[in-house]
Structures are given as C-alpha cells and as structure tokens.
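Before any comments, here is the structure.
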Amino acid sequence: EAVMRDMLCEDLGVTFDDIASLGPAKRLLNEAVTLPLLIPEYFTGIREPWKGVLLFGPPGTGKTLLARAVSSMNDVTFFGCSSATLTSKWRGEGEKLVRCLFAMARHYAPSILFFDEVDALVSRRGESGEHEASRRFKSELLTQMDGLRSEEDSSTSRVMVLAATNCPWDLDDALLRRLEKRIYIPLPSEESIRDMLAIHLKDIKCDDSVKLDNLARRMAGFSGADVKLCCRDASMMPLRRLAADKSPSEIQKLKEQLSSTSLTIDDFEM
Ligand code: ATP
C-alpha cells in the first residue's frame with residue numbers, strides 16, 4: 001500500500017494551456033480518455049472506450065505532460081508508473097504489484113494508470129530470455145487490462161490505461177493490441193517551439209534583442225525538453241554574470257539587481 005502511494009500523484013497542476021500546440025493529440029485524448037471517464041454511461045456498446053491509449057514519438061515531446069494534464073484538468077486520480085519505479089519495487093512480485101495497482105485505481109476512480117517507458121516494462125524481447133518476474137508482470141498486466149472492460153462493476157470502466165514509449169516497435173504484440181488507440185506525438189514545429197518559448201519565458205524579463213520567432217528558427221529540430229533546458233539555462237545567465245566571484249553576503253544583496261536584469265539573445269546558447 002505504501003509503495004502504491006508513491007505512485008499516486010496529487011496536485012499535478014498542469015493543464016493543456018501549459019502545453020504548446022499538440023492540438024490533435026489533446027482532442028484525441030479528450031475523446032479517448034476524458035469523456036469516457038466523465039460520462040461512462042454514454043460510452044457503451046459501439047462507443048465502448050479503448051482498452052488503452054498509447055502515446056508514442058521521440059523523447060521529450062510532452063507525452064508525460066499530456067497524461068498529467070488530462071488527469072489534473074478533470075480531477076482524475078493519476079498513478080504514474082515508470083519502469084524504474086516499478087521494477088525497483090516489484091522484487092519478484094510483479095504480479096502482486098500490478099494487481100494492487102489496478103485495485104487502487106478502481107478504488108480512487110475515476111483514475112488514470114500511466115505507464116511511462118512501457119517498452120522497458122513489457123518488451124517483445126521477452127519470450128525466451130526474459131525474467132520470470134517480468135513475464136508474470138506482463139501477463140498480469142494484460143489480464144487486468146482485459147478485466148477493465150469486461151466486468152459489470154461500473155468502477156472498472158472508470159479506470160483508463162495510458163502508456164508512453166519512444167520505440168513502439170519494441171512493444172510486446174499482445175500489449176500493443178490492447179493499446180488500441182495510438183496517438184503520435186511529433187517533434188515540435190517551429191511555430192510550436194515559438195509557443196513553448198512564450199510559455200517558458202512568460203515570467204522572465206527579456207530585452208528587445210530576444211525575438212521569439214528568430215529564436216524558434218534557431219531551435220529547429222529541438223524537442224520540447226531541449227527547448228525547456230535551453231530556456232532554463234538562459235534564465236540563469238544574469239545570476240551567473242553578476243554572482244561570479246562574489247561572496248555569499250554580496251550575493252544576498254544582488255536580489256534587486258537580479259530582478260531588474262533582462263536576458264539578451266546572447267544568453268541563449270545552442
Ligand atoms: P520521454 O519520452 O523522454 O519520457 P516525454 O515525451 O514524456 O519524454 P515530457 O516528460 O512530457 O516528455 O516532457 C519533457 C519536458 O519538456 C517537460 O517537462 C516539458 O516542460 C517540456 N515539454 C515537452 N513538450 C512540451 C510542450 N508541447 N509544451 C511545453 N513544454 C513541453
């Protein structure tokens with residue numbers, strides 16, 4: 001139970017407004033995840049919700065962010081399970097862990113179970129060489145996912161499974177079949193990068209040399225994570241310039257000067 005609480009994230013505080021572009025993905029997620037969780041009675045028969053949703057695409061493009069936003073905007077409980085947290089915790093009891101996880105998700109329904117880097121959890125390399133624990137983990141996961149849609153109990157239909165991967169081709173076939181709805185999350189266009197810059201720099205003073213359009217052009221090919229890192233780094237430059245060789249007491253006195261210093265285009269290093 002304590003282990004599960006680790007994965008239960010409260011107050012994620014992310015909304016679609018914090019995520020630049022990705023309009024089609026946001027719309028698809030609304031239809032595949034949000035609406036079925038909010039009005040499950042409508043999603044029956046031919047409208048039955050997908051068993052699972054797979055977000056795939058290059059690293060750092062906002063897959064995790066999207067999943068968190070969907071939860072936090074709709075007061076849906078979010079369980080974030082990455083392969084690292086799960087494998088460090090299962091200690092050979094993968095099955096039990098999965099069963100607990102789904103039980104918790106039902107208890108806190110409506111809820112989202114998000115499996116990050118799902119390829120590392122359930123890869124196709126399996127079959128022969130894989131660990132017994134991970135094989136049992138996989139089969140229990142599949143069983144639990146099937147259970148979500150087959151029972152009468154209405155709480156089970158208010159649990160959604162989302163997964164993310166950078167390499168969908170490495171996923172186990174049986175799991176891939178259950179992740180029926182697939183949403184591609186691409187690298188950002190120049191325009192999206194511009195929107196991201198606007199989001200990340202909204203509270204940062206920049207002088208006239210910082211033109212978002214130009215900056216975005218120079219960042220072509222960056223992922224969302226790259227853009228964020230670059231902005232973060234740039235935003236530290238005034239402090240680096242002013243605080244170099246200063247003693248702690250002098251640094252304390254810099255506060256005012258820091259808040260009035262603007263970034264220049266040269267602060268962005270690419
Ligand atoms: P990975 O595949 O490596 O897990 P991911 O696709 O899940 O990556 P996120 O963790 O969601 O990527 O994004 C990494 C960081 O990049 C986020 O913290 C976020 O700040 C930034 N980011 C990515 N995409 C966007 C976006 N569209 N708008 C704003 N920020 C973004």
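The values are calculated or read from the model by the stated rules, or taken from the named source; none is laboratory data. Being a predicted model, the structure only gives us computed values, none of them experimental. Cβ sites come from the backbone with ideal geometry, for glycine too, and all protein chains shown count toward neighbours.
Any idea which of T44, T87 is more than 11 Å from the ligand (Cβ to nearest atom) and farther than 21 Å from K181 by Cβ?
Going through T44, T87 in turn, the sole match is T87.
Of the residues I251, I185, only one is farther than 29 Å from L28 by Cβ and among the β-branched types (V, I, T); which?
Just a single option satisfies the conditions, and that option is I251.
Go through the range 11-57 and give me each residue that's small (G, A, S) and within 17 Å of L113 (Cβ to Cβ).
Those that are small (G, A, S) and within 17 Å of L113 (Cβ to Cβ): A32, G52.
With respect to L197, determine if the residue is under 22 Å from the mean Cα position of the chain (by Cα) and either at pLDDT 95 or above or exposed (fewer than 15 other Cβ atoms within 10 Å of the Cβ) (or both).
yes
Of T87, T44, which residue is more than 30 Å from S192 (Cα to Cα) and touching a helix residue (DSSP H, G or I) at 6+ places or on another chain (Cβ under 8 Å)?
The conditions single out T87.
Picking from K246, K202, K253, which residue would you name as being at pLDDT below 95, loosely packed, with under 15 Cβ neighbours inside 10 Å and within 14 Å of the ligand (Cβ to nearest atom)?
Within the list K246, K202, K253, the selection yields K202.
Checking the structure you have, find out if any residue of the range 62-77 is within 9 Å of the ligand (Cβ to nearest atom), touching a helix residue (DSSP H, G or I) at 6+ places or on another chain (Cβ under 7 Å), hydrophobic (A, V, I, L, M, F, W, C) and not in a strand (DSSP E or B).
Within the range 62-77, one or more residues are within 9 Å of the ligand (Cβ to nearest atom), touching a helix residue (DSSP H, G or I) at 6+ places or on another chain (Cβ under 7 Å), hydrophobic (A, V, I, L, M, F, W, C) and not in a strand (DSSP E or B).
In the range 205-232, which residues are among the charged types (D, E, K, R) and either part of a helix (DSSP H, G or I) or within 12 Å of the ligand (Cβ to nearest atom) (or both)?
D213, R217, R218, D226, K228, R232, listed by residue number.
Name the residues in the range 221-243 that are modelled with pLDDT of 95 or more and hydrophobic (A, V, I, L, M, F, W, C), would you?
Those that are modelled with pLDDT of 95 or more and hydrophobic (A, V, I, L, M, F, W, C): F222, A225, V227, L229, C230, C231, A234.
Considering only the range 164-193, state which residues are in contact (Cβ under 8 Å) with a residue 40 or more places away in the chain and over 16 Å from G60 (Cα atoms).
D170, L171, D172, D173, L175, L176, R178, L179, E180, K181, R182, E191
Mind telling me which of the residues G80, G52 ends up being over 20 Å from P188 (Cβ atoms), within 13 Å of the ligand (Cβ to nearest atom) and at pLDDT 90 or above?
G80
Need pairs with beta-carbon distance below 6 Å; first residue farther than 18 Å from A225 by Cα and within the range 12-37, second assigned to a loop (DSSP other than H, G, I, E, B); sequence gap 6+ or separate chains.
Listed pairs, sorted by first residue: A32/W50; T34/N74; P36/F43; P36/P49; L37/V76; L37/P110.
Among (1) in a loop (DSSP other than H, G, I, E, B); (2) more than 21 Å from L66 (Cα to Cα), which single condition is R240 missing?
Of the numbered conditions (1) in a loop (DSSP other than H, G, I, E, B); (2) more than 21 Å from L66 (Cα to Cα), the odd one out for R240 is (1).
Given L187, L171, which one is within 15 Å of the ligand (Cβ to nearest atom), at pLDDT below 95 and surrounded by 13 or more Cβ atoms within 10 Å (Cβ to Cβ)?
L171
Could you pull out the residue among L229, L258, L212 that is more than 29 Å from L22 (Cα to Cα) and surrounded by 11 or more Cβ atoms within 10 Å (Cβ to Cβ)?
L258
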